[in-house]
Amino acid sequence: MPRQVIATTYITLDGYIDEPGLWSFDFWSEEAAQYKARELFASDAQLLGRITYEGFASAWPTMQGTGEFGEKMNSMPKYVASRTLESASWNATVITGDVAEAVRELKQEGGGDLLIGGSGTLIDYLTVHDLIDEYRMMICPVVLGEGTRRLFNGVPRRTFTLAESKALPHGVLINTYHPAAPTAA
């Protein structure tokens, strides 16, 4: 059975996803931590864009007190989509060339989920190529009013089916969406 590509991201009410560490912590809860742990442990590998990879790779290997979650983050394979990165560390392989084809091949290998954390540009690209099986949006009850990165930039109109919605303490909603089947014209 092919692997599933799961996109998971923190998002504001006005659609921003950039730098969630600057605005999402006020809404953190034990339930959110448990959800993120289940999500990570269901995955065999991560797909990351260069910016997210560089942020994660500079933080996670030296972070203290992360327990099993940190061990999993640090040990699992990562595949980094980049036009500029030539090499990577932290159990990472750089995907160059046709990223869509590389992800198709990774999906066919079988195993656990391929998890995309953040990485908005990669999510947008893989959405256009119909390679994401599930979208998990942790919607935080905050409006930033401005930012640099919204989700689905340049993505043509798409329809999704709400598979699950879960309310967490502090007003966070986790909405899980699947791409809807195309409708006949």
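The values are calculated or read from the model by the stated rules, or taken from the named source; none is laboratory data. Owing to the predicted nature of the structure, the values given are computational and were not obtained by experimental measurement. Here Cβ is always computed from backbone atoms with ideal geometry, including for glycine, and neighbour counts include all displayed protein chains.
Figures for the structure shown
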| item | result |
| --- | --- |
| Failed item, numbered, when His129 is tested on (1) buried (at least 16 other Cβ atoms within 10 Å of the Cβ); (2) touching a helix residue (DSSP H, G or I) at 6+ places or on another chain (Cβ under 7 Å); (3) not hydroxyl-bearing (Ser, Thr, Tyr) | (1) |
| Criterion (at pLDDT below 95, under 15 Å from the mean Cα position of the chain (by Cα) and within 26 Å of His178 (Cβ to Cβ)) met by exactly one of Gly120, Gly110, Gly55 | Gly120 |
| Any hit, the range 26-42, residues being touching a residue at least 12 places away in the same chain (Cβ under 8 Å) and touching an Asp or Glu at 6+ places or on another chain (Cβ under 7 Å) | yes |
| The range 73-107, residues that are under 16 Å from the mean Cα position of the chain (by Cα) and basic (Lys, Arg) | Lys78, Lys107 |
| Any hit, the range 30-37, residues being part of a strand (DSSP E or B), surrounded by 14 or more Cβ atoms within 10 Å (Cβ to Cβ) and in contact with a strand residue (DSSP E or B) (Cβ under 8 Å, 6 or more places away or on another chain) | no |
| Residue under evaluation Ser87, criteria (1) under 18 Å from Val5 (Cα atoms); (2) not in a strand (DSSP E or B), criterion not met | (1) |
| Hits in the range 108-139 - residues which are over 17 Å from Gly49 (Cβ atoms) and either of a type in the set (Asp, Glu) or without any contact (Cβ under 8 Å) to a residue 12 or more places away in the chain (or both) | Glu109, Asp113, Asp130, Asp133, Glu134 |
| Residue in the range 81-89 that is out of contact with any helix residue (DSSP H, G or I) (no Cβ under 7 Å at 6 or more places or on another chain) and at pLDDT 95 or above present | no |
| Flag for Val142 being outside any strand (DSSP E or B), under 17 Å from Tyr10 (Cα atoms) and aliphatic (A, V, I, L, M) | yes |
| Restricting the range 1-25 to residues that are out of contact with any Lys or Arg (no Cβ under 7 Å at 6 or more places or on another chain) and polar (S, T, N, Q), the residue that is surrounded by the most Cβ atoms within 10 Å (Cβ to Cβ) | Thr12 |
| Options His170, His178; residue that is more than 19 Å from Gln34 (Cβ to Cβ) and either touching a residue at least 24 places away in the same chain (Cβ under 8 Å) or of a type in the set (S, T, N, Q) (or both) | His178 |
| Test result for Gly147, crowded, with 16+ Cβ neighbours inside 10 Å, among the small types (Gly, Ala, Ser) and under 19 Å from Asp18 (Cβ atoms) | no |
